[in-house]
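The values are calculated or read from the model by the stated rules, or taken from the named source; none is laboratory data. What you see is a predicted model, and the numbers here were worked out from it, not measured in a lab. Don't worry about glycine lacking a Cβ; one is built from the backbone with ideal geometry, like all the others, and counts go over all protein chains shown. Side chains included, ligands, DNA and RNA excluded: accessible areas come from the protein's heavy atoms. Shrake-Rupley method; radii C 1.70, N 1.55, O 1.52, S 1.80 Å.
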Amino acid sequence: MVSADEVRDFQLTRVPPAFLDDPYPWYAALREHDPLHALEGGGVFLSRYEDALAVYRDPRASSDKKQEFRPKLGDSPLYEHHTTSLVFNDPPLHTRVRRIIMGALNQRAIARMETDVVRLVDALLEEMAGKREFNFIDAFAANIPIEVIGNLLDVPRADRGPLRGWSVAILSGLEPKLTPAMHEAGNRAVTEFVAYLKELIAARRKRPGDYESDVLTRLIQGEKDGERLSEKELLHQCIFMLNAGHETTTNLIGNGAWLLLTHPQELVRLRADPALVPSAVEEMLRYEGPIQLNNRQLTAPVELGGRTLAKGTFITIGIGAANRDPAQFPEPERFDVARKPNRHLAFGQGDHACAGMNVARMEGRVAFGRLLARFPRLELAGEPVRDRRIRFRGFSQLPVRVK
């Protein structure tokens, strides 16, 4: 139980150690005692579902992060990346890039991808069967999105080794409290990734891929009406696609496996009725969301929760808090693989809703459907190790035994 006094002192830049393992008691206390909680520097933390949804849908809530990131990241490769990529921009850049990416991630394209994902998942499961005991994150969860995004951009398999490390380092630059080591690693990752992409893009310009299935070719050629991305925009959208598709889906699959292993009745229920796999994936996204925080900045005064927030206010949306709000979700602390309706905010809402949400859903559905069909017995083989970050929630170690 978190007290009102603890809520008053709460800051994302100095969270209590226990928060990293289980932030949800703090989120519940914030919702009860201070749902529009003041953060250092004049920001506000939102913990209620209705407030989070209102900000996501409000055109006065900007995703542009130049003003926010400049003091934190300085004039650095990390700053250039995070202020150029799709997710941290408003129209017109956001509109142009999103239209191109969504054109490549239509339902036909996802259906074509699924056959390759099934093949990949089955191969990973076969390797796991030979080991019997392994780190589920390295052996399974992290491999699926790396291959999917690598295929979308048609990155040669021999070149995919550094992708995961680059992604983790770059996304760590988004943590509320950035250490010098994280800053250095993130800048180095952006620099190395950009150098690699320049060579890959030059080769693809000479030999374009299939416009319908190769997202990199589509980004290079732009829309069919002739609109193109600049070289800088092109490079950073490629990095964004890897980051957005890798970290979140790895955490979805890792968190989902942990939830099933620690809620055996729901695992039994899912095995008995595999048709529940899609709703189980949605509940994993709600209950242990891969992304816990999002941010906006107000471009005009906004009425929220009975208060007027001034133009320029930095908003931190507590996704993990909103997704356990009892005003929206009956028995929110119960993990329920058949929960419906389930209008969680794991993919955001509005114009900035995750462009790859249906790819992630497909990956989760295939991963858990094939995993449960392949192994009659799954169990924890040791103590899991959480990734010690606040914005991204997942595991670095999830020891699993299969039979």
Exercise. Within the chain, which is the longest segment containing none of the GluC sites (Glu not before Pro) that sit in a DSSP loop and have at most 14 other Cβ atoms within 10 Å?
Worked result: 41-211
Exercise. Label points 7 Å out from Cα along the Cβ direction at R160 and A338: separation in nm?
Worked result: 3.7
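How far, in nm, would the chain grow between F375 and A202 when pulled straight, counting 0.36 nm per residue and subtracting the alpha carbon separation? Mind showing how you got there, number by number?
Values: separation 173, 0.36 × 173 = 62.28 nm, distance 4.41 nm.
Here the answer is 57.9 nm.
For region 33-169, with all protein chains present and a 1.4 Å probe, just round the carbon and sulfur fraction of the accessible area to a whole percent. Can you show the working numbers first?
Details: 3110 of 5920 Å².
For region 33-169, the apolar C and S fraction of the accessible surface comes to 52 percent.
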For this session: May I ask you to list the aspartates and glutamates whose Cα is less than 14 Å away from that of K340, ignoring any residue fewer than eight positions away on the same chain?
Result: E282, E283, E331
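How much length is gained if the chain between Q107 and V385 is pulled fully straight, taking 0.36 nm per residue apart and subtracting their Cα-Cα distance, in nm to one decimal? Don't jump to the answer; show the numbers that get you there.
Values: separation 278, 0.36 × 278 = 100.08 nm, distance 3.60 nm.
Between Q107 and V385, full extension yields an extra 96.5 nm.
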For this session: Give, as ranges by residue number, the residues of region 118-149 whose backbone N falls under 15 Å from the point 7 Å along Cα→Cβ of S213.
Result: 118-120, 148-149
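Take the Cβ-Cβ distance between R60 and L39 as r, set R0 to 30 Å, and report the resulting FRET efficiency rounded to the nearest 0.05. All intermediate terms of the calculation are to be shown ahead of the outcome.
Values: r = 19 Å, r/R0 = 0.64.
FRET efficiency, R60 to L39: 0.95.
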Seminar exercise, completed: Mean accessible area per residue over region 290-345 (1.4 angstrom probe, all protein chains present, square angstrom) is 42
Problem set entry | Cross-link partners of K131 among aspartates and glutamates (Cα-Cα below 17 Å; sequence separation of 8 or more within a chain) | D122, E379
Problem set entry | Between region 172-204 and region 210-252, the Cα center-to-center distance that results, in Å | 16
Exercise. Hey, rough spin-label estimate for R132 and D21, points 7 angstrom out along Cα→Cβ, what's it come to in nanometres?
Worked result: 3.1
For this session: May I ask you to list the chymotrypsin sites (Phe, Trp or Tyr not before Pro) in region 190-265 that are in a DSSP loop and have at most 16 other Cβ atoms within 10 Å of their Cβ?
Result: Y211
Problem set entry | Whole-number Å³ per residue for the convex hull built on Cα positions in region 52-140 | 190
Exercise. In straight Cα distance, which aspartates and glutamates are under 12 Å from K311, not counting same-chain residues fewer than 8 positions off?
Worked result: E303
Problem set entry | log10 of Debye I(q)/I(0), alpha-carbon scatterers only, for the chain at 0.06 Å⁻¹ | -0.23
Seminar exercise, completed: Counting only DSSP loop positions in region 168-247, the trypsin sites (Lys or Arg not before Pro) whose Cβ has at most 15 other Cβ atoms within 10 Å are K177, K224, R228
Exercise. Taking Cα centroids, how far is region 6-61 from region 130-144 in Å?
Worked result: 34
Exercise. What list of ³J(HN,Hα) values in whole Hz, one per residue of region 394-403 in order, does the Karplus curve 6.51 cos²θ - 1.76 cosθ + 1.60 (θ = phi - 60°) give from phi, with Gly and Pro shown as x?
Worked result: x, 10, 8, 9, 9, x, 10, 10, 10, 9
